[in-house]
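Heads up: the structure comes next, in structure tokens.
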Amino acid sequence: MRLDIRHTTRYRFSEPVVHALQRLRLTPKATQGQEILNWSMEFENAHEELTYDDQHHNRVTLVAVDGGAREVTVTCSGEVDTSDHAGVIGHHAGHLPLWSFRGQTPRTKPGPKMKALVESVRAEEQQPLDMLHTLSAQIIDAVSYEIGTTDVNTPAEQSLCEGHGVCQDHSQIFIGAARALDIPARYVSGYLMMDDRVDQDATHAWAEAFVEGLGWVGFDISNGISPDQRYVRVATGRDYRDAAPITGITFGNASQELQVEVAVAQRQVQQ
């Protein structure tokens, strides 16, 4: 499947910016199941400083906001060919060893509620892949999808206790629980083409777990499926922070308002 993607991010600042740096993880990965045909970034009131690959093999673009700017726009667009591998990415790559994805972070660390979830899954004595599918199903049953009830800093234990969240929360609960089961797991940010629309609500997030004999396998907990040809992987990490589309720092007293527009559509390929 060939996907056309356009992702626009606008920052509006309450007063002129003195100095700001933004770290962008907005370039899709060239991995099993997807080929990047073309990809570009355009900036208004900002300029690229450098581009590098981080420890997770994410392509990172560092941009500086022009002094005095009150609005910044970052526009990414391109074409990606995708295929369905039932969520299987395969062998481990990157600069971090596999064991590092067994360790918890503050966002994924289990508390009493997550530990009880882990024990309920462990009690079924299934094979690892079946156990992970069971875990995914139990999370979506326990945590309803509700926008605006959590934010990027909400820990997995809190969202499980409160019983609501979004794809980011579902993914981090899954990651923390999988690690508690001694299964390496990581966070994925990217794009999902919903079948009924071109304009998407936002970027998407899911999780991957390392299964012996298969390698990394994807689980979209929010939708109850493994990623297929409608998904585009952009960045991976130990939790949201490592794979966040945009992070940065701003010097001065300006507050900022963020607006994101994402469009993903299938392009018909001429035979």
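So here's what we get for this one:
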| quantity | calculated |
| --- | --- |
| The chain, helix-only ellipticity at 222 nm - DSSP H runs n ≥ 4, -39,500 (n - 2.57), divided by all residues, nearest 500 | -5500 deg cm²/dmol |
| Angle in degrees between helix 128-142 and the longest Cα principal axis of the chain, rounded to the nearest 10 | 70 degrees |
| Within the range 127-220, trypsin sites (Lys or Arg not before Pro) in DSSP loop having at most 16 other beta-carbon neighbours inside 10 Å | Arg197 |
| Gained length - Leu214 relative to Glu49, 0.36 nm times residue gap less alpha-carbon distance | 55.5 nm |
| Rel. contact order, % - alpha carbon contacts under 8 angstrom, at least six apart, the range 127-271 | 23 percent |
| 0 to 90° range, to nearest 10: angle between helix 112-122 axis and the chain longest Cα axis | 50 degrees |
| Hydrodynamic radius of the chain per Kirkwood, over alpha carbon pairs, in Å | 19.3 Å |
| The range 28-118: relative contact order in percent, alpha carbon pairs under 8 Å with at least 6 residues between | 32 percent |
| Rg over Rh, two decimals, the range 15-99 (C-alpha only, Kirkwood Rh) | 1.08 |
| Rg(Cα)/(2.2 N^0.38 Å) for the range 1-49, N = residue count | 1.52 |
| Ala123-Glu15 FRET efficiency (beta carbon distance; Förster radius 51 Å; 0.05 resolution) | 0.35 |
| Positive minus negative residues near Arg238 (Lys, Arg vs Asp, Glu; Cβ under 14 Å) | +3 |
| Among Asp195, Asp242, Asp182, residue whose mean-square fluctuation peaks in a GNM of the chain (springs only between Cα atoms under 10 Å) | Asp195 |
| Phi-based couplings in Hz for the range 35-42 (Karplus 6.51, -1.76, 1.60; Gly and Pro marked x) | 10, 7, 7, 7, 7, 9, 10, 10 |
| Residue with peak Gaussian network fluctuation, the chain [Cα springs, cutoff 10 Å], from Leu160, Leu24, Leu129 | Leu129 |
| Sparse-neighbourhood loop sites, GluC sites (Glu not before Pro) in the range 175-271 - DSSP loop, at most 15 other Cβ within 10 angstrom | Glu212 |
| Part-to-part distance (alpha-carbon centres) for the range 178-218 and the range 50-116, which is given in Å | 11 Å |
| Residue of Leu26, Leu181, Leu37 that the Gaussian network model of the chain assigns the largest fluctuation, springs spanning Cα pairs under 10 Å | Leu37 |
| Qualifying aspartates and glutamates (Cα of each under 17 Å from Cα of Lys115; at least 8 residues distant if same chain) | Glu124, Glu125, Asp141, Glu157, Glu162, Asp169, Asp182 |
| Percent RCO, i.e. relative contact order, over the chain, from Cα pairs under 8 Å lying at least 6 residues apart | 30 percent |
| Cα shape, the range 83-145, gyration tensor, a/c 1.5 rule | oblate |
| Radius, Kirkwood style, for the range 106-235 when every pair of distinct Cα atoms is counted (Å) | 14.7 Å |
| Prolate/oblate/rounded call for the range 202-271, Cα gyration tensor, a/c under 1.5 rounded | oblate |
| Accessible area (Å², 1.4 Å probe, nearest 10) - Tyr240 | 40 Å² |
| Probe 1.4 Å - accessible area at Ile36, Å² to nearest ten | 50 Å² |
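The values are calculated or read from the model by the stated rules, or taken from the named source; none is laboratory data. These figures come from a predicted structure and were not determined experimentally. When we count neighbours, we look across all protein chains shown, and the Cβ atoms used for this are built from the backbone with ideal geometry, even at glycine. Protein only, heavy atoms only, side chains kept; ligands, DNA and RNA dropped before computing areas. Shrake-Rupley method; radii C 1.70, N 1.55, O 1.52, S 1.80 Å.
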